[in-house]
Amino acid sequence: MTQPVSLNCDCCGAHYQRVALEPGQWARCVRCNETLESAGLFTPQAWLASVLAALITFLLANGFAVATLSFQGSAQSSTFLGAVAATWHAGYGLVAVLTALVGFVLPLLMLILLLLLLAPLAAGRLPGYFDLALKVLGLVRPWCMVPVFLVGALVSIVKLIDLASLVVGIGLYATAVSAVFFTVFSRLSPERLRFMALDAGLPVHMPGARRAPSPACLPRAWALLLSAAILYIPANALPVMSIQAINGNSAHTILGGVIELARLGSWEIAAVVFIASVFVPIFKILLLGLLLWQTQRRIETGLRRRTRLFRLVEAIGPWSMLDVFVVILLVALGQFGNLLSIEPGGGAVAFGAVVVLTMVAAHSFDPRLAWRWAGHRRRTHDVSRQAQPVTQG
């Protein structure tokens with residue numbers, strides 16, 4: 001007789017017995033309405049083929065130039081890693097390390113982990129490192145920002161296209177395809193891979209119920225969030241980059257860059273940069289602060305709505321890195337000696353720190369604590385009660 005499998009809700013702490021899902025169905029928590037599990041159409045073999053294609057595309061994206069800029073008879077091209085190196089040589093090592101991690105190292109590690117997990121699953125066996133690889137994958141996934149870099153590259157092109165002659169390189173097209181792959185792979189959570197192995201009849205170790213949420217998460221999250229709020233002031237007051245050209249020098253803050261894009265007539269791009277680099281950071285800080293305050297005050301109303309808002313904070317967190325990616329590409333492409341030189345500024349360092357601190361603050365907070373303090377214990381939902389599958393559409 002098959003042993004029943006438990007299913008835990010990470011948002012409210014409810015506990016269920018897992019039920020079989022058909023392709024295109026998902027199970028939702030009846031307490032907080034969050035998705036517990038979804039059943040896709042891809043087999044492990046199909047996922048493995050997708051990961052191999054993504055790995056090839058990702059290597060092409062980083063091996064070829066994103067763009068080539070021609071100015072006064074000279075040409076300058078750069079790959080993503082070339083942009084990181086240019087930022088490092090400009091004296092901004094922290095920005096270079098951060099962008100290298102979220103734009104190359106961690107995405108590559110994610111692809112390697114998926115390859116190491118899916119190749120044995122496609123062959124019908126369970127590797128000995130399965131649990132460890134899943135744990136590392138769970139830590140890496142939120143920090144893979146290839147789609148954000150793609151949008152940053154497009155913004156950089158719009159900023160440079162009126163300055164000089166610019167030709168888009170193979171690296172940008174490969175980055176666009178890679179961004180699609182990484183967006184799809186965001187559905188491959190460690191839990192989904194574990195259930196994939198379980199459904200294949202493999203001897204998977206199923207973890208028990210998570211430990212009860214600790215109130216200690218609140219002071220940690222508050223400390224990180226307040227640090228981010230303080231750093232947000234120099235992130236906007238200091239220039240994120242400076243331009244030295246034969247017709248004069250200029251320094252640009254984040255908001256100044258938005259205004260310049262609007263002045264050039266690129267209203268759509270200006271709106272994207274404003275939302276990602278101005279609105280989103282403020283929205284994250286204020287909204288996460290409100291959620292922490294409501295939890296600390298043990299407010300029991302609107303728990304479902306607060307859970308959705310917390311998921312929103314997690315989802316939009318990486319997009320604040322947009323302006324940092326824009327800066328490193330402009331620095332790499334805009335190097336023409338005395339004719340034109342673009343350098344990063346102190347605002348880029350502070351803004352990168354704001355992005356990291358707000359994301360870590362969100363990951364430090366446990367949304368189950370609000371439900372627990374409102375009296376919703378894990379035992380509220382009997383283990384025998386099943387999460388009902390709901391068909392898409």
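The values are calculated or read from the model by the stated rules, or taken from the named source; none is laboratory data. None of these values were measured; they are calculated from a predicted model. Cβ: placed from backbone, ideal geometry, glycine included. Neighbour counts: every protein chain shown.
For this structure, a couple of remarks:
- Candidates LEU52, LEU21, LEU7, LEU48: the one that is in a loop (DSSP other than H, G, I, E, B) and farther than 30 Å from GLY352 by Cα is LEU21.
- When segment 3-40 is limited to residues that are among the hydroxyl-bearing types (Ser, Thr, Tyr) and within 14 Å of ARG192 (Cβ to Cβ), the one that is surrounded by the most Cβ atoms within 10 Å (Cβ to Cβ) turns out to be SER38.
- Selection from segment 24-44 of residues that are in contact with a Leu (Cβ under 6 Å, 6 or more places away or on another chain) and either farther than 14 Å from ASN8 by Cα or of a type in the set (S, T, N, Q) (or both): ALA39, PRO44
- Residue in segment 41-58 that is of a type in the set (Val, Ile, Thr), modelled with pLDDT of 85 or more and more than 30 Å from ILE328 (Cα to Cα) present: yes
- Filter result (at pLDDT below 85 and among the hydrophobic types (A, V, I, L, M, F, W, C)) within segment 334-354: PHE336, LEU339, LEU340, ILE342
- Residue satisfying all of: in segment 355-393; β-branched (Val, Ile, Thr) and at pLDDT below 90; nearest to ARG311 (Cα to Cα) among these: VAL390
- Scanning segment 103-125 for residues that are in contact (Cβ under 8 Å) with a residue 60 or more places away in the chain and either surrounded by fewer than 19 Cβ atoms within 10 Å (Cβ to Cβ) or over 30 Å from ALA49 (Cβ atoms) (or both) yields LEU115, ALA119, ALA122, GLY124, ARG125.
- Residue within segment 52-62 that is among the aromatic types (Phe, Trp, Tyr), under 29 Å from ALA200 (Cβ atoms) and surrounded by fewer than 17 Cβ atoms within 10 Å (Cβ to Cβ) present: no
- Residues in segment 86-102 that are in contact (Cβ under 8 Å) with a residue 60 or more places away in the chain and among the hydrophobic types (A, V, I, L, M, F, W, C): 7 in all.
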